[in-house]
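These notes are about the structure you will find just below.
Coordinate-derived values only; no laboratory data. Keep in mind that this is a model prediction, so the values were computed, not measured. All Cβ positions, even for glycine, are placed from backbone atoms using ideal geometry, and neighbour counts span all protein chains on display.
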Amino acid sequence: MLHLFNTLTGTRELFEPLDPPTVGMYVCGVTVYDYCHVGHARSALVFEVLRRYLEYSGYTVRFVKNFTDVDDKIIARAREQGVSCEAITNRFIEAYYEDMERLGVRRATEEPKATEHIGDIIRLTETLINKGLAYVVDGDVYFSVAHYPAYGRLSKRRLEDLQAGARVEVDERKRHPMDFALWKRSRTDEPSWASPWGPGRPGWHIECSAMSLKHLGETFDIHGGGMDLIFPHHENEIAQSCGATGKEFARFWVHNGFVQVNHEKMSKSLGNFFTIREIFAQSEWPEPVTGEVLRYFLLSTHYRAPVDFSDRALKEAKNALNSFYDLFERLKEPSTIAAHDHGDLNGVIERAQTSFVRAMDDDLNTPMAIAALHGLRGEVNKLLANALSSQGRMQARQAFRTMGKVLGLFQLEAWQFGASCAGSSVHDAGHQHEGLAPGSARLSDDEIERLVKERGEARQRKDFKKADEIRRTLSALGIIVEDKPDGTSRWKR
RNA sequence: GGCGCCGUACCCAAGUGGUAAGGGAGCAGUCUGCAAAACUGCGAUGCGGCGGUUCGAACCCGCCCGGCGCCUCCA
């Protein structure tokens, strides 16, 4: 039974979908005017994991994630570069997909764009005007917060408090300083669409109301986004949606915490952000490995807590993953043990699964879920030391795959991860590593295999001096050689 | 000024009333030709501080200290 922290109520609540087994979930995506940074990655990842876990729990998820492709910053960026807004948005949507793919973030079931819903937005705005919740001034349309009594429900703010703190210059044409634009009159060189109020474009908040309404209906299960969206964006969405339909809007509001650098929020204005592509470009690991390391790092902190980004943290994530993939490689090695001899494997797996589910059910406690996987790692290592049949080994690997899939971890083959590889002095060393060469290693696999074989031969004739010399050579190139009990060796980068 | 978050061992990080998970690093041991990996053992009498409630508090309440976020675009 999944429990989720609901920002609306400020408490952890039992999650039950409105219309099981379907779950309707809307998450605010990105404004496509620049590359994504780690903060965007975290948000995308958190809600993807929620989606994966809901699916793991047997639900069918309708997952809607939007692109904001009309916005002041997009216009500014286009002007700056002397290109059209479409050129900007197309470019960064494509970049978004590239980044997400490298992180292993699956696409949502629907990914609507604001510009494809102008008609819906206009109709919704008209409804709000007709209901007396919005008014027109010189081709602009504003939402009237004073006419929506529940304003502030999500962010727990009172209009009076907001008024006192408002530091922005007040637009004299607005009836209340907190009134916000549903529709903005366009200047001549800005993108615009015909509307009952003249040519213009939608305000920021209205698109999410219109798109969620269209794709998920008036009331749906989960609405997510970064904590910084609670106010004003989500507050305004609620006002618009509930104002227009008179119905409940999203039932659960889920917000992720920030990625920080040196304990400060990672943001454009502070200039302390790392784009996802920068991290991949600078990574010493192969691309799929870097993606998994980032996932592990981001999921090893609870989604609502802040997480501090650093090279060191990434390295720690890599080390932790190494211990899993090292095990997976050993699980692949052949066993002479009888097929029925599993020890207490079934019990061990069952207990790990119970802990894993309990953790995930508890407001998506991924750090605890990861701890359960570490527990299983230790148990399987012990069983392996006491010998485990080939069948048992496969079963164990499959358990890691199944639970790991919820977090998007453990799906690679050990050789892809750069974990221990069977050396040429052993069986089936046929793995191909082309295209995965990490920046640090200059030797080809063939050369490494040759040296490992040479070392094996030296060991056989007890020429340990020579053997150690070869190992040192390889070690200097970042290649670790491990000797197995049967006298053969495995290696890893 | 208003709203809110965080502070747990050297580092990361769970735990939100019943007596401190897990990972990394470190140290010691087993194994090994030597290693590595794995396994075993060691490590906070204490959870920012001070009070209070309670049979019992890291968890609840109050005050204080330190760090941060939102209130303006922001994942």
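Brief remarks on what is shown
- Residue exposure proxy: A:Tyr135, A:Tyr151, A:Tyr97, ordered by other Cβ atoms within 10 angstrom of their Cβ from fewest to most, comes out as A:Tyr97, A:Tyr135, A:Tyr151.
- In this structure the amide hydrogen of A:Phe5, modeled in the peptide plane, comes within under 5 Å of the amide hydrogens of A:Glu13, none closer than 5 places in sequence on its chain.
- Its Cα gyration tensor gives chain A an equivalent ellipsoid, and the semi-axes of that ellipsoid, as √(5λ) in whole Å with the largest first, are 52, 26, 17.
- For chain A, the longest principal axis of the C-alpha atoms and the axis of helix A:38-56 are separated by about 80°.
- Counting every pair of alpha carbons in region A:87-173, the share spaced more than 23 Å apart comes to 54 percent.
- Taking the C-alpha atoms only, the angle from helix A:345-361 to the longest principal axis of chain A is near 20 degrees.
- Chain A, relative contact order in percent, only Cα pairs under 8 angstrom and at least six apart counted: 15
- Taking GluC sites (Glu not before Pro) in DSSP loop states with no more than 16 other Cβ atoms inside 10 Å as exposed sites, chain A has its longest site-free stretch at A:1-168.
- Of the residues A:Ile480, A:Gly246, A:Gly257, the one whose Cα sits farthest towards the positive end of the charge dipole of chain A is A:Ile480 (charges of +1 on Lys and Arg Cβ, -1 on Asp and Glu Cβ, taken about the Cα centre).
- Local electrostatic count, A:Cys36, Cβ distance below 9 Å [Lys/Arg +1, Asp/Glu -1]: -1
- Mean ellipticity per residue at 222 nm, deg cm²/dmol - from DSSP H runs of n ≥ 4 across chain A, formula -39500 (n - 2.57): -14500 deg cm²/dmol
- Compactness of region A:269-388 is given as radius of gyration and Dmax, 17.5, 62 Å, from Cα positions.
- Partners for A:Lys174 among lysines (Cα-Cα distance below 17 Å; same-chain residues under 8 apart left out): A:Lys184
- Nearest-ten-degree value, helix A:85-103 long axis tilted from longest Cα axis of chain A: 30
- Dipole check for chain A: with +1 at the C-beta of Lys and Arg, -1 at the C-beta of Asp and Glu, and the Cα centre as origin, the magnitude is about 840 Debye.
- Note on region A:226-244 and region A:249-315: Cα centroid distance 25 Å, given to the nearest whole angstrom.
- Cα centroid separation - region A:329-374 against region A:1-53, whole Å: 26
- Counting Lys and Arg as +1 and Asp and Glu as -1 over every other residue whose Cβ lies under 12 Å from the Cβ of A:Arg461, the net charge comes to +2.
- Cut-off 14 Å between beta-carbons: net charge of the residues surrounding A:Arg102, Lys and Arg +1, Asp and Glu -1: -4
- Over 25 Å between alpha carbons, listed pairs A:Lys73/A:Lys265; A:Lys315/A:Lys453; A:Lys65/A:Lys315; A:Lys465/A:Lys492; A:Lys268/A:Lys318; A:Lys65/A:Lys405: A:Lys315/A:Lys453; A:Lys65/A:Lys315; A:Lys268/A:Lys318
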